[in-house]
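Everything on this sheet refers to the single structure shown next.
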Amino acid sequence: MDSVPSAVAAPQRDLARRFTHVRGRSVQLAAPLSPEDALLQSMADASPAKWHLAHTTWFFERFVLASQPGYTPWDPAWDYLFNSYYKSLGPAHARPQRGLLSRPSLQRVHAYRQHVDEQVLARLRDGDLGSDALQHLQLGLQHEQQHQELLLTDIKHAFWCNPLQPPYREDLPIAVSALGTQGWVEQGERIVSIGASAWPQHAAFAYDNESPVHRVLLPAHAIAERPLSNAEYRAFIDVGGYRDPRWWLSEGWALREAEQWQHPLYWDDDLLREFTLGGWRELDPHAPVCHLSYYEADACARWAGARLPTEFEWEAAAASQPVEGHFADDDHLHPMAGQGDGLRQLFGDVWEWTSSAYGAYPGFRPFAGNLGEYNGKFMCGQWVLRGGSCATPRGHVRASYRNFFMPPARWQFSGLRLARDFS
């Protein structure tokens, strides 16, 4: 790094350190998996760990290295295998069939990662990357952190589908928790600023779907101090919440009937155990409930005489809170109860469903070029979740961060926080 020109040495040295850390973390997360494990794809919405490792590498090769003079692609055929949904870059292997890619081998994918890492770091060291490539590199690191979370949630689902239901890791600690108080934070009607300034025009990173900053009128409302716990959700089950259509949206009830949902994903039918990344464990009544679809979260909120918060109510509450919580770096990889009083656990532990459909903010502008496909084209039929989870890398989320999934999705660490109206 000492050979980097002084004018660019400090920022590029910092970026090289971050690049090395994020890339190494993906390899660390995949380390407990055998080559057979890394090929598993248990449903169309999930991807094999090997594909995650290769796709994130493809992103750096395609958006950072491909435009550099003298760079030769690792294997041009891999552009088809590991593209995800960038139609402007060409066709891609069908998503539901990623688990059929027994070749290239996992060993070959790791060699690909090493090659691309060496190429990127060499160009950072030599100061060869222009402003566009540096911006794509920063976006690529955020993109890889998203895939680190998906790697964990996807392999959890795959192992749960295995009749042996093996743990991802046997050494994950078991948290001892106590349930904190549950109160309400009331807020009168007001106008708030929502969103983040557009990046890269402004220095702080934010995805394009978080901008621009705009004003929203919030009605008078109250928001719960913490996420709903397993014990509180169990009460919804015990009174017949999964048998009473009064609480459910029509689509949700039809899906519940078709798939015979009786409890959250990964709970045992006895409601005493749940499947975790550490294998089967006793259900912690104090921990935030997780692995709920939007339909389940909404139904439980209705039963409780409340509702889900809008994403604007959530962000307004989170804007004054530190980004603290239980994240993947804590190495529990499962939600834990938060201690203390007052508004808490807005970040980490579980993604919190909101009642807001995922759409564009007024004045939304996608990223320039091919990266304009990153977020904007998914603004249809999905719902916003906020706050991050126990599988999210620390430092990856912020108050304005907008995650989004289809309402039936259950395999993410998704829970809920209640809200209600008042006048």
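The values are calculated or read from the model by the stated rules, or taken from the named source; none is laboratory data. No experiment lies behind these values; they were computed from the predicted model shown. Every residue, glycine among them, receives a Cβ derived from its backbone with ideal geometry; neighbour counts consider all protein chains shown. Please note that ligands, DNA and RNA were not included when accessible areas were found on the heavy atoms of the full protein model with its side chains. Shrake-Rupley method; radii C 1.70, N 1.55, O 1.52, S 1.80 Å.
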Where a residue in the range 94-113 is under 14 Å from D75 (Cβ atoms) and its partner, wherever it lies, is open to solvent by 60 Å² or more (accessible area, probe 1.4 Å), with Cβ under 6 Å and at least six apart: Y112/W74
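Can you name every one of the strands (runs of 3 or more DSSP E) wholly within the range 336-423 that holds 2 or more residues which are closer than 16 Å to H147 by Cβ? Reasoning before the result, please.
Working: elements: 351-357, 383-386, 403-405, 419-421.
Because the criterion is at least 2 residues that are closer than 16 Å to H147 by Cβ, the strands (runs of 3 or more DSSP E) in the range 336-423 that meet it are 403-405.
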Scope the range 317-346; condition closer than 15 Å to E225 by Cβ and touching a strand residue (DSSP E or B) at 6+ places or on another chain (Cβ under 9 Å); matching residues: A317, A318, A337, G338, G342, L343, Q345, L346
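Every residue, every condition in (1) touching a residue at least 60 places away in the same chain (Cβ under 8 Å); (2) in contact with a helix residue (DSSP H, G or I) (Cβ under 6 Å, 6 or more places away or on another chain); (3) among the aromatic types (F, W, Y); (4) open to solvent by less than 50 Å² (accessible area, probe 1.4 Å), yes or no:
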| residue | (1), (2), (3), (4) |
| --- | --- |
| R123 | no, no, no, yes |
| A133 | yes, yes, no, yes |
| L150 | yes, no, no, yes |
| P163 | no, no, no, no |
| R169 | yes, no, no, yes |
| P173 | yes, no, no, no |
Conditions (1) touching a residue at least 24 places away in the same chain (Cβ under 8 Å); (2) farther than 28 Å from W199 by Cβ; (3) among the polar types (S, T, N, Q); (4) assigned to a loop (DSSP other than H, G, I, E, B); number of the one not met by S67: (2)
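For the range 199-285, list the strands (runs of 3 or more DSSP E) that sit wholly inside it and hold at least 1 residues that are open to solvent by 30 Å² or more (accessible area, probe 1.4 Å) and either more than 18 Å from L308 (Cα to Cα) or modelled with pLDDT of 95 or more (or both); which are they?
On the way: elements: 214-218, 221-224, 273-276, 279-282.
Ranges flagged: 214-218, 273-276, 279-282.
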Criterion (touching a Gly at 6+ places or on another chain (Cβ under 7 Å) and within 30 Å of A44 (Cβ to Cβ)) met by exactly one of L172, L139: L172
Some residue of the range 52-73 being at pLDDT 95 or above, out of contact with any Asp or Glu (no Cβ under 9 Å at 6 or more places or on another chain), closer than 16 Å to Y168 by Cβ and surrounded by fewer than 20 Cβ atoms within 10 Å (Cβ to Cβ): no
